[in-house]
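To start, the structure itself, in structure tokens.
The values are calculated or read from the model by the stated rules, or taken from the named source; none is laboratory data. All values reported here derive from a predicted model rather than from experimental measurement. What goes into the accessible areas is simple: the full protein's heavy atoms, side chains included, and nothing from ligands, DNA or RNA. Shrake-Rupley method; radii C 1.70, N 1.55, O 1.52, S 1.80 Å.
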Amino acid sequence: MLRFRSILFIAVLAAASAPFIVNAQASGAETSAVASGKLTAVPFRAGTVLSAEISKQKPSFDVESEFDKPAIENPAWIELIVKLDSGRSLSRFDYEIVGKNGTYPCFAVAEGADGYSSDVEKWIIKTSSPLKYYRLLFPVRQDEIAAAKKELLPVTLKVKLFETTLAPASFQVRVMPEGRNFTRVSSVRPEGICNMTYQEAFESGN
């Protein structure tokens with residue numbers, strides 16, 4: 001009887017400690033991902049950045065205006081694909097990106113695979129869904145591409161309109177191969193492909 005009670009006591013202790021072991025393992029994995037620079041989904045103020053890319057290829061615009069052009073002539077382009085938290089809105093006025101050679105305001109936003117637009121009605125996405133992806137576009141200096149190391153450019157995404165106690169989101173932007181357009185929204189995995197080179201994201205069996 002005493003032996004049975006001892007076995008039962010050990011079993012209870014093992015069951016009680018299991019969640020703590022799992023949590024410690026998960027925490028360790030997350031810390032490892034941050035330390036290695038391969039956190040593939042990066043939290044920011046309104047949701048999560050799932051993909052970040054820079055390219056010389058200008059993305060598609062449904063509507064353009066000669067009165068609404070980037071301040072930078074012949075820019076390169078950074079595109080973020082994000083998932084928004086429930087109830088969040090998004091506008092072209094909310095964020096700016098700090099790169100190696102400057103600070104760049106968001107120029108356009110779009111839902112899913114929709115084309116970008118300079119139409120005033122497309123400047124703000126008032127109602128979002130946590131089941132959809134959204135895109136932010138930033139025209140940047142072309143020499144940002146030259147500042148990249150090992151095909152990744154460190155940048156910081158900051159709230160533009162007001163001060164916040166939340167830390168800005170920092171991550172690495174993937175340099176797209178010459179002549180390639182941005183990755184389609186449908187190709188972005190739910191776990192994200194941020195902080196990954198083109199080869200790591202698409203050519204290494206991921």
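A few comments on the model shown:
- Cross-link reach list, lysines versus K56, counting only Cα pairs under 18 Å and skipping chain neighbours closer than eight places: K69, K100, K149, K150
- With DNA, RNA and ligands ignored, accessible area of E96 (1.4 Å probe; Å², nearest 10): 40 Å²
- Nonpolar atom fraction for region 90-185, defined as the carbon and sulfur part of the 1.4 Å probe accessible area, stands at 52 percent.
- 23 Å tail of the calculated P(r), region 101-206, as % of Cα pairs: 36 percent
- Amide H contacts under 5 Å for G47: D85, restricted to partners 5 or more places along the chain or on a different chain, H placed in the peptide plane at 1.01 Å from N.
- Largest accessible area first, the listed residues K69, K126, K132 line up as K126, K69, K132 when surface is computed with a 1.4 Å probe on the assembled protein chains.
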